[in-house]
Each structure stands twice: as structure tokens, then as C-alpha cells.
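Below is one structure, written out as C-alpha cells; the observations come after it.
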Amino acid sequence: MEAAGRLRSTGMKRRIAIVGAGALGGHVGGYLAKAGQDVTLIDAWPEHVEAMRRDGLTLRGQTGPENFTVPVNAIHITDLQKAGSRPFDIAFVAVKSYDTVWATQMIAQYLAADGYVVSLQNSINEERIASVVGWGKTVGCIASAISVELVGPAKVQRNVALGGSRHTVFRIGEPHGRVTPRAKEIAEMVSVADSSKATTNLWGERWSKLIVNAMRNPVSAATGRGGNGNDRDPMTRWLAIRLAAEAVKVGLAHGYALESVYHIPPEKLLAAGEGDKAAREECEGILLEQVKHRNDEQRPSMGQDIMKGRRTEIDFINGLVAAKGAELKIATPANSGIVETVRRIERGEIAPSPEAVAHI
């Protein structure tokens, strides 16, 4: 009997770990705790963990029910040895892409024999997770258009409206493409936070989300502005479309079945990037419409990283687009250009500003 059935038959709850309880991990972990799940939040920021232990985890959003404080079981990484006496059935890995391997190695030894790991991250990290625990213990969970920020210890702010029936936020899939009981279980579990579904198209969903990240994140990091400020500016709005168009071209060439990208059909983005004036106007109109669904404080995660002096995921987002394009000899000048710009900002050679991307 698989783990889900075994635990339900004995009345036991699934034991869940959130590895990396920052913006996204904290957001999902907070809702799971509120729903009564047996969830442990594991994080490397000591002040964050201590604040959660002392005050609970506070979530903020755009509507009344999204604003609450919930008690959570939060532990330091150094406490994991003591917390692992009963193995975890499910481990959500919600760290930055460059921390994926060590985080998976850390939690792997505390998994139940039939436990598994869920990638709740930007970029495409399933292969990194599988390199540690194997493909049979690897599941993907895309969080689409959610825009959350860890604004302080034990405080997570969501800066966009709930997806609900308008937009499915969580998409859970198996690497082999079949819908399994555990994919359905995760979809049901995270539905307490927002709309969710099990998908047969993990890789197409992953690349589609990567396109969104490629057009949103680096522009914020490079300009120092939030999403609304960049979308209102014709120069950076067009840059975002070109970044997306290149990523669409690369994804299609690699055989991914792409989904809608930020409410824009991928073929429309590709046409805009190749000079179709009507397609460009349509794409720009959709981006401007999306401004209505975000507050002006909304800042993609890479922009948050630059503000906080942290390393970004540029090499795992736009850098991945450029690398995958190079494999098939597809030029990606906008993505390659913004990778170099963000790297220069990370090194302190230039400051974030709209002028930093004017040459791309």
C-alpha cells in the first residue's frame, strides 16, 4: 500500500517538511499549518525562525481572509537532527535554485522509505533533486503568478490577487507525465492556499513559468523598479516581451508543450518578438492590463534579491534560456544581454536603473 493510503487507513497525518521557509515556502507552509497539517518549517535565517516560534507566521494579502497569523512548528537547520526521529512523508524544497542540491541532500536522510521531494521553486530543478533522491522520489510543483515576498522575520506579503478560477496558481506534475495519486494529493493539499491542479505537462508548465520569470525577474533586478513601474515604461515593457519571445522560441525548439504565458498565448509572444506589430500591441495591452491586478509594491524575487544584497537566480533563469538556445544554435541576445547586466549589478560594477538595460 502506498504511503498516502497507509497513513489514511491508520488515521495518521502526513508529516510534511518545508525546506526553505522564505517567501514561497513560508506562504504555502503557513496555509498548510492553518489547515491543520503536520508541517515543519525549516530555515537558515535564525531571526526568521525565532520570530516564527515566538509570534507565529503572519501572512498578508489583498483580501481579508488572506491576512492572518498562525502558530507554526519552525526549526533551525541545526535542529533537524532532533526533529527527524519520525521521518517526513513529503518534503517541499523551496530554496533558491543554486541551493537545491545541498538542501535535498540534507532532507533526504530524514525521508520515510516511501517519502518523496516536491520542488516548489523557480527554474527547473527536478533533475538536481533526482540526482540526490532518484526520479521515483521527485515531483514538481509550479507556483504560477503568485508574487510573494518575505518582508521581515515571520512576515510574508502576497502582492497580487488570488488566482482562483481566473488563473490556476499551483500545477503539480510527475516527470513521467502521468497523473498519480500523490500528484493529486499535493494538488489537494496546496489548494488551501490557492487554485491548483495535477498536470500531465510538467515540463511544458515548467518552461512556461520559466518564460514568465525570464520576462519579469531580471528587468526588476536590473532597473531597481517593481513590476508595475516596468510595465508602464514602454522601453522595459518591450524588453520583457523580447525576453519572453526568445524563451518561447527556445522552448518550442526543445519540444515543450507551452501553456499561456502571463495570459498571453506563446505564439503571440513569438510573433511580437519577430516584428509583428499587431501582436506586439496585443502583448503590450495585456501587460498593461495586468498592472490592475498587482499593487505597486510588487517586486519579482530577483528584484528583491538585489535590494537585499543577495545572489540572484539569473544563471538559472535567463542564463538557462541562453544555454538551451546555444544547444540548438538559437540566438538569444536579449536574454544573454540581461544576464550580463544583472551579473555586473551583482558585482557592484553598476547600479540598478532603467538606463542599465537601455542598450539591450
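The values are calculated or read from the model by the stated rules, or taken from the named source; none is laboratory data. From a predicted model like this one, the values you see are computed outputs, not experimental measurements. Using ideal geometry, Cβ is built from the backbone for each residue, glycine included, and neighbour counts are taken over all protein chains shown. Areas reflect the complete protein model, heavy atoms only, side chains present, ligands, DNA and RNA absent. Shrake-Rupley method; radii C 1.70, N 1.55, O 1.52, S 1.80 Å.
Could you pull out the residue among Leu288, Leu252, Leu258, Leu320 that is touching a residue at least 40 places away in the same chain (Cβ under 8 Å), open to solvent by 60 Å² or more (accessible area, probe 1.4 Å) and of a type in the set (A, V, I, L, M, F, W, C)?
Working: Leu252 fails: touching a residue at least 40 places away in the same chain (Cβ under 8 Å); Leu258 fails: open to solvent by 60 Å² or more (accessible area, probe 1.4 Å); Leu320 fails: open to solvent by 60 Å² or more (accessible area, probe 1.4 Å).
None of the other options fit; the residue is Leu288.
Here the stretch 105-158 is the region considered, the condition is being free of Cβ contacts under 8 Å to residues at least 40 places away in the same chain, open to solvent by less than 40 Å² (accessible area, probe 1.4 Å) and of a type in the set (Ser, Thr, Tyr), and the residue that is nearest to Gly20 (Cα to Cα) is Ser119. Scanning the stretch 325-360 for residues that are of a type outside the set (Gly, Ala, Ser), in contact (Cβ under 8 Å) with a residue 24 or more places away in the chain and open to solvent by less than 60 Å² (accessible area, probe 1.4 Å) returns Ile330, Thr332, Asn335, Ile338, Val339, Thr341, Val342, Ile345, Pro352, Pro354, Val357, Ile360. A count restricted to the stretch 55-93 and to residues that are open to solvent by 80 Å² or more (accessible area, probe 1.4 Å), touching a residue at least 12 places away in the same chain (Cβ under 8 Å) and part of a helix (DSSP H, G or I) stands at 1. Quick one: in the stretch 146-196, which of the residues that are in a loop (DSSP other than H, G, I, E, B), of a type in the set (D, E, K, R) and over 25 Å from Asp305 (Cβ atoms) is farthest from the chain's Cα centre (by Cα)? Step by step, filter the stretch 146-196, then rank; the result is Arg178.
Taken together, Ile142, Ile124 contain a single residue that is hydrophobic (A, V, I, L, M, F, W, C), in contact with a Phe, Trp or Tyr (Cβ under 9 Å, 6 or more places away or on another chain) and not in a strand (DSSP E or B), which is Ile124.
The rows are residues; the columns are (1) in a loop (DSSP other than H, G, I, E, B); (2) not acidic (Asp, Glu).
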| site | (1), (2) |
| --- | --- |
| Leu287 | no, yes |
| Ile306 | no, yes |
| Ala323 | no, yes |
| Ala334 | no, yes |
| Glu340 | no, no |
| Ile350 | yes, yes |
| Ile360 | yes, yes |
